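Just below is one structure, and these are the notes that go with it.
The values are calculated or read from the model by the stated rules, or taken from the named source; none is laboratory data. Note that the structure is a prediction, hence the values are computed from the model and not measured. No Cβ is skipped: glycine too gets one built from the backbone with ideal geometry, and neighbour counts run over all protein chains shown. The area values use the complete protein model at the heavy-atom level, side chains included, leaving out ligands, DNA and RNA. Shrake-Rupley method; radii C 1.70, N 1.55, O 1.52, S 1.80 Å.
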Amino acid sequence: YYFFNTHVGPLVIIAFVIMLGGAVLAALNDAKVTLLGVFWLVANCLSVSGYVLYMKFAIKNVKLSKFGMVFYNNVLCVIFLFPASVIMGEFGLFVKSASLHTPEYFLKNLFAGFIGFFLNFASLNCVSQTGPTTYAIIGSLNKIPTTFLGCMIFAENITRQTWFFICVSISGGFIYSYAKIKDNKRRSGRSG
């Protein structure tokens, strides 16, 4: 909102507070919280928000097609990922592993890259059609089914209190959606 001079409605702020409060209160039931874990959480939030804000800026100002943007985004990732893979020893492991040089592995990797490319394209299109905040909210809300799946797979016991706080966070997402729908109707009523 600060970078793109858009209006923040009170219902959107309430939705953020509800989602954040529900997440923090649900996290209080975690086994332990370490300073390193909090550091990585904050680093993740800052990098994701910076990336999404830049993506919105690039969509408006860079004179490339969406296909070109996705292509260059993926190519630029190699600049960061390849040195990391060499330093961590993953590239050497790849070169030495004969089982990773089969046509089957190549086809699976090609398919994964193809899907990743189009997911990146879908993300770019979503940001261009909605906005960075909506993209981030949807991205965080999709973690809820992942949480449930993780609890089922790892036989994690969820307390009644944690269920309640998860529901609080979900309700914040619904309030945010309602606020954005209401805001869009108000804007279209003004322009129409």
>> Out of Ala31, Ala26, I need the residue that is over 30 Å from Gly131 (Cβ atoms) and at pLDDT below 80. Which one?
In response: Ala31
>> It is to be established whether one or more residues within the stretch 127-143 are closer than 30 Å to Arg187 by Cα and exposed (fewer than 11 other Cβ atoms within 10 Å of the Cβ).
In response: yes
>> Of everything in the stretch 81-94, what is open to solvent by less than 60 Å² (accessible area, probe 1.4 Å) and more than 25 Å from the chain's Cα centre (by Cα)? Give them in sequence order.
In response: Gly89, Gly92
> For Met19, are the conditions met, namely being in a helix (DSSP H, G or I), touching a Leu at 6+ places or on another chain (Cβ under 7 Å) and within 30 Å of Phe118 (Cβ to Cβ)?
Replying inline: no
> For residues in the stretch 61-77 being open to solvent by less than 60 Å² (accessible area, probe 1.4 Å) and not polar (S, T, N, Q), which is farthest from Leu124 (Cα to Cα)?
Replying inline: Cys77
> Do we have any residue at all in the stretch 29-36 that's open to solvent by less than 70 Å² (accessible area, probe 1.4 Å), touching a residue at least 60 places away in the same chain (Cβ under 8 Å) and not charged (D, E, K, R)?
Replying inline: yes
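Conditions tested, residue by residue: (1) farther than 30 Å from Tyr178 by Cα; (2) hydroxyl-bearing (Ser, Thr, Tyr); (3) loosely packed, with under 12 Cβ neighbours inside 10 Å; (4) without any contact (Cβ under 8 Å) to a residue 40 or more places away in the chain.
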residue: Ile79; (1), (2), (3), (4): yes, no, yes, yes
residue: Lys96; (1), (2), (3), (4): yes, no, yes, yes
residue: Ser99; (1), (2), (3), (4): yes, yes, yes, yes
residue: Asn109; (1), (2), (3), (4): yes, no, yes, yes
residue: Pro145; (1), (2), (3), (4): no, no, yes, yes
residue: Ile153; (1), (2), (3), (4): yes, no, yes, yes
residue: Ile158; (1), (2), (3), (4): no, no, no, yes
>> Here is a list: Ala58, Ala26, Ala43. Which entry is in a helix (DSSP H, G or I), open to solvent by less than 50 Å² (accessible area, probe 1.4 Å) and touching a residue at least 40 places away in the same chain (Cβ under 8 Å)?
In response: Ala26
